[in-house]
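A short worksheet on the structure shown next.
The values are calculated or read from the model by the stated rules, or taken from the named source; none is laboratory data. Just so you know, these numbers come straight off a predicted model, no measurement behind them. Neighbour counts are summed over all protein chains in view; Cβ atoms, including those assigned to glycine, are modelled from backbone coordinates with ideal geometry.
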Amino acid sequence: MIEDDLRAAFARLEALTPPAGPVRAAIERATVRRRRRRFRLRLGGTALALVAAALAGFTAIAPEPPETANLLGDSSPPPPAGALNVLLIGVDGDSARSARFADSVLLVHVPADRSRLYLVSLPRYLEVIVPGRGKQRLNAAFSLGASGSRPDLDRGYRATRDAVADALGVRVDAGGVLTYPMVRKFTDAVGGVQVCLPQRVRSTHTDRVFPAGCQRLDGTASVDLLRQRTGLPDGVLDRDRNAERFAAGLLRRIDDRGGLTNPVVLDTLLRQLGSELVADTGDLTLTELVSVAGKAADAEPVGVLPPGLHIEKKQGDVHFRLDPDLGPGFLSALRDDRLGEWTSAHPDQVTQLG
């Protein structure tokens, strides 16, 4: 009896069952979409490599090399709208053996109109809040986050990102970390970078002299310059300015080689770096970031130092605090995408890059 009832029920419902062909096709389309989603997430690392390498030289992301054939055949999404902020962190040390303090922290602001790039050097002694640690210097946020039996650069990045977002009140869309050995390798891969210095710099590490004026530096010389702060007129602030100058020179070099418009050129450069890179790519794809970086790079980038003062809280414990008069206006301009207007009104806060 039960078996007859079941057969009758199946017979009544059979007419309502959709054809198998369309259902199978829908399942296959969903599978393709999931595969494409994973592919795009994988390419997100390469996308950030473009922005990081092109905009600051300290960060490049390539979890695995891009599949060029698939890349060129994939559909192009519309470019992202609105301003973007990319956080780039340079770390002195070997990620496998030590978690050093962050030597350089650069926030690359890409305005919504893509008119140019703003390279905002965040002072390493900027006072920030690190969850569970209270007030700390910005460079310590990285070390505290990465600490452990084996340093974790990803945790160090996230701790720094959260501290920056909280201190500045901005959204960080993407970013990453690169140690100086990787900076050296990438600089050599692009054939050196031209850096223009306003004054002579003598290395306290190697006694090398960097003359005033423009000069092309290889990877070893670039890292030597980026590490200098002793003996500079403004100490760590001058080191931040030199980081901006190096970033601008690297951007020009990659643009000259077509890396901002040709994914194949970028792929060739990234394959020379290997996979020793760490980053947060956010929701952006390679196509989107190439479009954003290429358009914004048409104009000369602007280097910016936040207005503020170094305060010695006790001997050897120096913190950087934003200027009480100019600081609020700077933060408001950054948050509201008005850095062009603010830098025009405060040219003394702009770094001469060329």
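Taken together, the criteria place PHE246 among residues that are hydrophobic (A, V, I, L, M, F, W, C), modelled with pLDDT of 90 or more and surrounded by 14 or more Cβ atoms within 10 Å (Cβ to Cβ). The residue of the range 160-171 that is farthest from ASP283 (Cα to Cα), among those that are touching a Lys or Arg at 6+ places or on another chain (Cβ under 9 Å) and in a helix (DSSP H, G or I), is LEU168. Every condition in (1) under 15 Å from PRO111 (Cα atoms); (2) at pLDDT below 90; (3) not small (Gly, Ala, Ser) holds for ASP337 except the one numbered (2).
Considering (1) farther than 17 Å from VAL108 by Cβ; (2) at pLDDT 65 or above; (3) part of a loop (DSSP other than H, G, I, E, B), the lone condition that GLY282 does not fulfil carries the number (1). Is it the case that some residue within the range 114-132 is outside any strand (DSSP E or B) and either more than 29 Å from ARG338 (Cα to Cα) or in contact with a Cys (Cβ under 7 Å, 6 or more places away or on another chain) (or both)? Looking for residues that are outside any strand (DSSP E or B) and either more than 29 Å from ARG338 (Cα to Cα) or in contact with a Cys (Cβ under 7 Å, 6 or more places away or on another chain) (or both), one finds at least one in the range 114-132, hence yes.
For ALA293, the criteria (1) touching a helix residue (DSSP H, G or I) at 6+ places or on another chain (Cβ under 6 Å); (2) modelled with pLDDT of 90 or more; (3) part of a helix (DSSP H, G or I) hold in every case but one, which is (2). For the range 147-167, the criterion of being closer than 24 Å to PRO301 by Cβ, touching a residue at least 12 places away in the same chain (Cβ under 8 Å) and charged (D, E, K, R) is met by at least one residue. Taking the criterion of being within 16 Å of LEU250 (Cα to Cα), in a strand (DSSP E or B) and charged (D, E, K, R), the only residue of the range 172-216 that qualifies is ARG216.
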